[in-house]
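Notes to accompany the following structure.
The values are calculated or read from the model by the stated rules, or taken from the named source; none is laboratory data. Just so we're clear, the structure is a prediction, and the values are computed from it rather than from any experiment. Cβ: placed from backbone, ideal geometry, glycine included. Neighbour counts: every protein chain shown. SASA here: full protein model, heavy atoms, side chains in, ligands and nucleic acids out. Shrake-Rupley method; radii C 1.70, N 1.55, O 1.52, S 1.80 Å.
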Amino acid sequence: AVRSGRPDRARRLLRRARITRPGGDLEGERRLVAGEIELRSAAAEPAIDSLLVAADVLAGTRRDLAIRALMRAGEAACFSGNHLRYAEIAARAEALRRPHEPEHLEIIFKHIAGFAAIFLGRYRRALFACSVGFMRWTWRVGYYAYAAIGPARSPPFTLGRADYPADL
């Protein structure tokens, strides 16, 4: 029903769905689907709340779906222009984070944290310095390796400013 362009029908079908399995994870999945329907039918602001409730319900039993719900809530926050909600979404994602996450989940956590930092202006100074230092060093190596006019000496292995022709 959603793909056919009829989100109202999809919502009605979803409300009629009966819970036949014991446990709250099916209710969380239902709320996740409802939030995704709202998100795709241009109701981004209500989708944020639906997806956050789904993440709360799923956090105990289906952590992977809870993380997915938080990612979708972040999309809804972007589409609605309500970027301040990203702080709440990032805090919830951080609460679900565990040490030694699989790569696919680690990317999602970094994605959420990165957008929260951008929208809220809380990009840590140390992280900024590291990013700029890495770009600076990459620029030097690229200049040395690929430029025909590069110097004969190799670039210094430092993230800070250095006496080298290529610098940011």
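Out of curiosity, is Ala44 more than 20 Å from Glu101 (Cα to Cα) and over 18 Å from the mean Cα position of the chain (by Cα)?
Details: more than 20 Å from Glu101 (Cα to Cα): yes; over 18 Å from the mean Cα position of the chain (by Cα): no.
Answer is no for this residue.
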Practice problem: Quick one: in the stretch 52-77, of everything that is farther than 11 Å from Arg92 by Cα and of a type in the set (D, E, K, R), which residue is farthest from the chain's Cα centre (by Cα)? | Solution: Arg62
Exercise. Working only within the stretch 59-81, note down all residues that are open to solvent by less than 40 Å² (accessible area, probe 1.4 Å) and either among the polar types (S, T, N, Q) or not in a loop (DSSP other than H, G, I, E, B) (or both).
Key: Arg63, Leu65, Ala66, Ile67, Ala69, Leu70, Ala73, Gly74, Ala76, Ala77
Practice problem: All but one of (1) without any contact (Cβ under 8 Å) to a residue 24 or more places away in the chain; (2) open to solvent by less than 40 Å² (accessible area, probe 1.4 Å) hold for Pro46, so report the exception by its number. | Solution: (2)
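Residue by residue, here is whether (1) at pLDDT below 90; (2) open to solvent by 60 Å² or more (accessible area, probe 1.4 Å); (3) out of contact with any strand residue (DSSP E or B) (no Cβ under 6 Å at 6 or more places or on another chain); (4) assigned to a helix (DSSP H, G or I) holds:
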{"residue": "Leu52", "(1), (2), (3), (4)": "no, no, yes, yes"}
{"residue": "Leu84", "(1), (2), (3), (4)": "yes, yes, yes, yes"}
{"residue": "Ile89", "(1), (2), (3), (4)": "no, no, yes, yes"}
{"residue": "Arg92", "(1), (2), (3), (4)": "no, yes, yes, yes"}
{"residue": "Arg122", "(1), (2), (3), (4)": "yes, yes, yes, no"}
{"residue": "Ala148", "(1), (2), (3), (4)": "yes, yes, yes, no"}
{"residue": "Ser154", "(1), (2), (3), (4)": "yes, yes, yes, no"}
{"residue": "Asp167", "(1), (2), (3), (4)": "yes, no, yes, no"}
